[in-house]
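Presented below is the structure to which this report refers.
Each value in this text was obtained by applying a stated rule to the coordinates, not by laboratory testing. Everything numeric in this text was worked out from a predicted model, so none of it was measured. Methodologically, a virtual Cβ is constructed for each residue, glycine included, from the backbone with ideal geometry; neighbour enumeration extends over all protein chains shown.
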Amino acid sequence: MSEIETFYEVMRRQGITRRSFMKYCSLTAAALGLGPSFVPKIAHAMETKPRTPVIWVHGLECTCCSESFIRSAHPLAKDVVLSMISLDYDDTLMAAAGHQAEAALEDTIQKYRGNYILAVEGNPPLNEDGMFCIVGGKPFVEQLRHAAKDAKAIISWGACASYGCVQAAAPNPTQATPVHKVITDKPIIKVPGCPPIAEVMTGVITYMLTFDRLPELDRQGRPKMFYSQRIHDKCYRRPHFDAGQFVENWDDDYARKGYCLYKMGCKGPTTYNACSTVRWNEGVSFPIQSGHGCIGCSEDGFWDQGGFYDRLTSINAFGVEANADKVGFAAAGAVGAGIAAHIAASALKSAQRKKQENEEV
Amino acid sequence: MTDTRTSIHIPNPDAPTPLEAARLTGGARPEDIESLRMQAAVYVYEAPVRIWHWVNAAAITVLIVTGYLIGSPPPTMEIAEATHQFYFGYIRFAHFAAGMILTVAFLGRIYFAFIGNRHSRQLFYLPVWRLRWWRELLFEARWYAFLEKEPKKYIGHNPLAHFAMFTFITLGMTFMIITGFALYAEGAGQDSIYYALFGWVIEMVQNTQRLHTLHHLGMWAITIFAIIHIYAAIREDIMSRQSMITTIISGWRTFKDDRVE
């Protein structure tokens, strides 16, 4: 272990000055929402701790998590990969390929048994013994189990690893299964999103590195610092929601005025993520700011909650597409008609009885 | 009419003719007096039960109307800038306030079941272990299907009503309270007491969009119950052998005949 460089040594070797290093530490502290007193702590950690080995595996996924990750601005993905962690295996980012790459994986597992972090992008399909996703000639689920066995902790990147995402949407033909349902004996941090926000990804890694522990997780296993509030709670269009000012149609005047997208099916009220605060692409914008409702991509089963543009989830029962209101109106209407028929029958029946009684008298 | 074999009442031939004043002013005819001999009344619903019923009815009405509007908001209004306009906020406020009142009233109602009369406990259990109760349930269903000529007399709820009350009010309202508070906990935040108490529901459904749908379907179940409940109460008031609507106002159940069964 001793031959592994510390973060500081790596950075200095890359020509980064002490001044830049301290700047970087302050920026990281700010990105994590920590006070200035944490800057020396971060610097100290970086100067003394050996880099954490990370194995990054890819299952059924689209690599959007990696794409997001490499666009991180605070801290820069380059800093994370080259200076903070020791990314020993990542088949989409590493230079090696084929047998060399697989050898690097084995090497890391052997060398840092119990000390490396396993980052999982995508999920394993379990149908047909996992044959729907093959990595290095073997089903991905086997690689995942093998790499997870000696990991210190697992990070589930994105909606795929956390919840299943599109490949697990009904009817889920490959039986794509989120990581926590396959690996049950390791601490798992879910970082959902499709993809997760770049700064959230690097922020989680930086936190784990700095404090040498997992970030505080919520009831669903997501880091509280990024997933404890809904998009809705920090949305800049929230005043229009409370005022009852909604976009009624795409391209209407209300859309131009930037009113609330609730009626257009925005899932902000049921989505826990940091988009409305951290935003995307160095804080440039996020979907709602660009005039499109949130689709709830960091929530479990977001593909199966009806249309992205419907407020009420459609319920598909008996092959009929409907939502709660349509079901309710139909049922209430049927009951109302039933009652009307029952009133008529009751009146007829009692009239009939009265007539019979009169005849008897 | 006062035949001892078919009447509950013990005839008292020595009693003087009642209601002298009403008779002499022409307000009581001989057949009225005869009808009066057959009348009997039982005090069924004590004041707290009646108050709860009407508070609950008012709260449910507000909850259904505002709940529907939260799912399908009224058209956009531009009375003022968003800062000075809060009407969707008021709709939600009315929903939350009515929900709080309904919950507190329901807890009070549960408490009263322990100290009230035996009729106050009927809402909270079904005597499913009694074969006779199931037979009576079937009988009442046959009465509603026009297969029985005449209904039976009941002091509390008839078995069919008892079944509906238990399903939609005791179970249904509990479901609505739990899912409702879980949704409220989302807005109140993860550090709130509501989240501490009802966060497990969010954990169970994972995506709270599902919780919205379940809560919304529950609203329709209760709406349908309310429609049937009001219809059945009016119909029973007219066609059954005992009072209905006045009973939930005054608490007294009166009967229209004095036959034994």
### Task
Run down the lysines and flag those whose C-alpha is under 24 Å from the C-alpha of residue A:257, throwing out any fewer than 8 positions away in its chain.
A:234, A:267
### Summary
Net charge (Lys, Arg +1; Asp, Glu -1) of residues whose beta-carbon lies under 14 Å from that of residue A:27, residue A:27 excluded, is 0
### Task
Specify the inter-centroid distance of segment A:105-180 and segment B:32-82, based on alpha-carbon positions, in whole Å.
55
### Phi-based couplings in Hz for segment A:62-74 (Karplus 6.51, -1.76, 1.60; Gly and Pro marked x)
10, 6, 5, 5, 4, 4, 5, 3, 6, 9, 4, 9, 9
### Message
With both bridge residues required to lie in the protein assembly as shown, what share of the DSSP beta bridges run antiparallel, to the nearest 5%?
### Response
45
### Query
Tell me, what is the FRET efficiency for residue B:167 and residue A:249 to the nearest 0.05, using R0 = 45 angstrom and their Cβ-Cβ distance as r?
0.65
### Query
Taking chain A as a whole, which cysteines find no other cysteine Cβ under 4.7 angstrom from their Cβ?
A:25, A:62, A:64, A:65, A:133, A:235, A:260, A:266, A:275, A:294
### Query
Among the lysines, which have Cα under 29 Å from the Cα of residue A:41 when same-chain residues fewer than 8 positions away are ignored?
A:23, A:49, A:78, A:111, A:152, A:186, A:190, A:224
### Task
Calculate, for residue B:241 and residue A:128, the FRET efficiency according to 1/(1 + (r/R0)^6) with r their C-beta to C-beta distance and R0 56 Å; round to the nearest 0.05.
0.25
## Note on the structure
Of the convex hull enclosing the alpha-carbon atoms of the protein assembly as shown, the direction-averaged projected area in nm² is 40.6
### Task
Please state the charge dipole magnitude for the protein assembly as shown, taken about the Cα centre, from unit charges on C-beta atoms (+1 on K and R, -1 on D and E), reported in debye and rounded to the nearest 20.
1060
### Task
Per residue of segment B:73-82, in order, report the coupling 6.51 cos²θ - 1.76 cosθ + 1.60 (Karplus, θ = phi - 60°) as ³J(HN,Hα) in whole Hz, putting x for Gly and Pro.
x, x, x, 4, 10, 10, 7, 8, 4, 3
### Evaluated at q = 0.17, 0.23, 0.24, 0.30 Å⁻¹: base-10 log I(q)/I(0), Debye formula over Cα of segment A:145-205
-0.60, -0.95, -1.00, -1.18
### Modelled label reach - residue A:115, point 7 Å along Cα→Cβ, segment A:194-217 residues with backbone N closer than 18 Å
A:208-214
### Query
Which net charge results when you count Lys and Arg as +1 and Asp and Glu as -1 among the other residues whose beta-carbon is under 10 Å from that of residue A:159?
-2
### Task
Please work out the FRET efficiency for the pair residue B:191 and residue B:259, using the Cβ-Cβ distance as r and a Förster radius of 60 Å; give the result to the nearest 0.05.
0.40
### Query
Cα to Cα, under 22 Å, and not fewer than 8 places away if on the same chain: which lysines meet these conditions relative to residue B:256?
A:349, A:354, A:355, B:149, B:152, B:153
### Message
Using a 10 Å cut-off around each Cβ, can you sort A:238, A:353 from fewest to most neighbouring Cβ atoms?
### Response
A:353, A:238
## Note on the structure
Expressed in angstrom and rounded, the centroid-to-centroid distance over alpha carbons for segment B:191-251 and segment A:183-252 is 34
### Nonlocal amide H pairs with residue B:148, under 5 Å, H built at 1.01 Å
B:143
